[in-house]
Amino acid sequence: MSTVFVSTWLDAGKPCVQRAWQSYQSGSDLLTACEEGLIAVEQDPAYQAIGLGGLPNADGDQELDAGLMDGTTLKVGAVCAVRGVLPVISLARKVMDETPHVLIAGDQARRFAEQHGFEIRNLHSENSLKKFNDWRLLRREAEVAHLTHDTVTIVGREEPGHVVAACSTSGLAWKLPGRVGDSPIVGAGYYADDEAGAAGATGLGEDIWRHMLSYRAVENMRSGMNAMESCQEAVRRMIRREPRTAEHISVVFGVSNKGDWGAAASKDGFTAWVCIDGLIESHQIPGEKL
Ligand code: ASP
């Protein structure tokens, strides 16, 4: 029986689960520990996935999406297409804790941030500005074709079966301004219910959202599958229904309320970081084959 955190991608997943575990060890509740894990990555410009130094939209602005869910209360807080707010996962937390709402969008989310004393700032780093300028020059070619993106999503589980999920992203790089992906959308980018488990996603937001990968994975856990089978079934069903979804990587991962974890991807290339009672390991997740 254990406390488990699982997070996304080779570079960012490790500092995320490390910070979450430290925070949990020093007394934070499970959801706050996950929030702290994401804040650590958002604030570090070395990670171009989220927060400071995240890759911008086609106008050169970082439009951030974030959301989180508590599996006991089923409360959710999320923000989307919000510019210049750090840490944006904490803004989503404010929506959860201080409003009766689920999602606040765009400039009004920024106004909400200002009213709650958030730091409003330019989120570019040297790296994100350089990448944007390179993209402007090359435009339409390599990077558009390869859909540059990254998101950090984390799920957590503690005794006797409490689960949470949280997610923060700058979304697809060079996206159409105003585009929102799966990450702030409950059921798409994350879902948590103590009666079953928690799941989170990363990859091509349009595919993840249309196939509701996080909700499906949790519902599979509810029906009795373990976390690995639950994630695999959700991804296989997406690929079976729409084979072109295997051309780009989309991932769902999760932890059941019993503490077993799982992950599945539509193609090779995903690394999950897993922390079980403080022991942190990475796992390569092979693409699903039908
Ligand atoms: N799912 C995110 C989005 O489409 C991107 C990612 O996970 O890397 O906005």
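Here, each number is a calculation from the coordinates, and none is a lab measurement. Just so you know, these numbers come straight off a predicted model, no measurement behind them. Quick reminder, even Gly has a Cβ in these numbers, built from the backbone with ideal geometry, and neighbours come from all protein chains shown.
Between residue 97 and residue 22, the distance separating the two model label sites (each 7 Å from Cα on the Cα→Cβ line) works out to 2.0 nm.
How large is Rg/Rh for the range 37-84, to two decimals, with Cα atoms and a Kirkwood Rh? Could the numbers behind the result be given before it?
Details: Rg = 12.6 Å, Rh = 11.9 Å.
Result: Rg/Rh = 1.06.
In terms of other Cβ atoms within 10 Å, 6, 76 run from fewest to most in the order 76, 6. Residues within the reach of a label modelled at residue 126 (point 7 angstrom out along Cα to beta-carbon, backbone nitrogen below 16 Å), restricted to the range 55-98: there are none. If contacts are Cα pairs under 8 angstrom and at least 6 residues apart, what is the relative contact order of the chain in percent? Normalised by residue count, the contact order of the chain is 22 percent. For the chain, set up a GNM with springs between Cα atoms under 10 Å and report which of 67, 117, 84 has the largest fluctuation. Among 67, 117, 84, the largest GNM mean-square fluctuation belongs to 117.
Taking 7 Å steps out from each Cα toward its Cβ at residue 242 and residue 139 produces label points 2.9 nm apart.
For the range 1-153, what is the percent of antiparallel DSSP beta bridges, rounded to the nearest 5? Mind showing how you got there, number by number?
Numbers: 8 of 11 bridges.
Antiparallel bridges: around 75 percent, rounded to the nearest 5.
Only lysine pairs 8 or more places apart or on separate chains count here, and in the chain those with Cα atoms under 18 Å apart total 4. Each Cα pair of the chain feeds into the Kirkwood radius, which the Stokes-Einstein equation turns, at 20 °C and 1.002 mPa s, into a diffusion coefficient of 118 µm²/s.
Using only the Cα atoms, work out Rg/Rh for the range 126-268, with Rh taken as the Kirkwood radius, to two decimals. Here Rg/Rh amounts to 1.04.
Given +1 at the Cβ of Lys and Arg, -1 at the Cβ of Asp and Glu and no other charges, the dipole of the chain around its Cα centre is 760 debye to the nearest 20.
Label point of residue 195 set 7 angstrom out along Cα-Cβ; within the range 55-71, amide nitrogens under 18 Å from it belong to 69-71. Listed from fewest to most Cβ neighbours within 10 Å, the set 261, 174 follows the order 174, 261.
If you place +1 on the Cβ of every Lys and Arg, -1 on the Cβ of every Asp and Glu, and leave all else neutral, what size is the dipole of the range 133-290 about its Cα centre, to the nearest 20 Debye? Can you show the working numbers first?
Working: 17 positive and 22 negative charges, 148 e Å.
Computed about the Cα centre, the dipole is about 700 debye.
Just add up the charged neighbours of residue 53: K/R +1, D/E -1, any other residue whose Cβ is under 9 Å from the Cβ of residue 53. Walk me through the numbers on the way to the answer.
Details: positive: none; negative: 44, 126.
Net charge around residue 53: -2.
Restricting the calculation to Cα atoms, the range 92-183 shows an Rg/Rh of 1.04 when the hydrodynamic-style radius is the Kirkwood one.
Counting every other Cβ atom within 10 Å of each residue's Cβ, 132, 270, 253 order from fewest to most as 132, 270, 253.
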